[in-house]
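No lab work stands behind these numbers, since they all come straight from the coordinates. The structure presented is a predicted model; accordingly, all values stated were derived computationally and were not measured. With ideal geometry, Cβ positions are generated from the backbone for all residues, glycine too; neighbour counts draw on all protein chains shown.
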Amino acid sequence: MKKLIVLLLVLLTPSAFASSGHELQSATIDLGNKASLQRGAKYFVNYCLSCHSAKQLRYSRMAEDLDISPELVELNLMFTGEKIFDGMNISMRAKDAKKWFGVNPPDLSLIARSRGPDWLYTYLKSFYIDESRPFGVNNSLFPKVGMPHVLADLQGLQRAVYKEVETESGGVRQVIDKLEIVQPGKLTPREYDNAMNDLVNFMTYMGEPAKMERQRLGWKVLMFLFLMLVIFYYLKKEYWKDIH
Ligand code: HEC
């Protein structure tokens, strides 16, 4: 019963988060695009897996789903000394994480389901310089976030451009109008968008590695049901023939 309640909560949370008021940019999710998923996996293990785990995804499963040979996965995507059948764990201890960041970086296995792909895509593009924060950055979608801008070498650094809006009481308030790059990174803005799209695509896959399998299976099940329907229809005809 407890499990059921937790599951229900996980399934219901997107609507709870949707009301933040920040405009979301939409990511293009395509779980059939293996090349995009592979690039996303590379970003994930290189830039996220040092702090966040994704315990529910096994490396072996990822190798199979993404058409990467297990040897290549071990060589290029596994850095934490694990075995191919392990889930994506991290070696950082929770106690240390708490000390360094003030909060524990959450496991990201199900993050695409709880936050939604568009939220994640926007979040990864919303870091901006804010000297008042411990790591010198803030996030316009997730104010006072405890996470440093780990992708700054790719994106570069953004600063916030403010505008004034009238408050209900008639005063004025400064709100962020947009973010603009003040120090370019290795990628152009468009390349960064594509990279983040791949990463979010991968995280969406991660939240539901069974989805691809299910979609394949779904068709087979439908065909099977249709066949059964035909068979039963004629069986029924045969069966009732003499009674009418
Ligand atoms: C240096 C450690 C570190 C790295 C590397 C890192 N994060 Fe984080 N992340 C954090 C911490 C700490 C938090 C918790 C922030 C908070 O709650 O204030 C966080 C929070 C998040 C959240 C919000 C979770 C929520 O509350 O819904 C997301 C999404 C996220 N990280 C994604 C990523 C992705 C994607 C990457 C790789 C590109 C990444 N992180 C890399 C430390 C890190």
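Computed extension gain for LEU154 through LYS186, at 0.36 nm per residue and net of the alpha carbon distance, reaches 11.0 nm. Bridging of LYS42 to lysines at a Cα separation below 30 Å is possible for LYS34, LYS55, LYS83, LYS95, LYS98, LYS99, LYS125, LYS144, LYS178, LYS186, LYS211, once same-chain residues fewer than 8 apart are set aside. Springs join every pair of Cα atoms under 10 Å in this Gaussian network model of the chain, and among LEU229, LEU179, LEU49 the largest mean-square fluctuation is at LEU229.
Between the Cα long axis of helix 2-17 and the first principal axis of the chain there is an angle of about 50°, rounded to the nearest 10.
Protection proxy ranking of 107-114, 147-154, by the mean of other Cβ atoms within 10 Å over each peptide's residues and highest first, is 107-114, 147-154. Which percent of the Cα-Cα distances in the chain go past 29 Å? In whole percent, the long-distance tail amounts to 42.
Applying both filters, DSSP loop and at most 14 other Cβ atoms within 10 Å, to the trypsin sites (Lys or Arg not before Pro) of region 172-244 gives LYS186, LYS241.
Here the extension length gained between ALA35 and ASN89 equals 17.0 nm, from 0.36 nm per residue of separation less the Cα-Cα distance. Axis angle, to the nearest 10 degrees, between helix 34-47 and the longest C-alpha principal axis of the chain: 40 degrees.
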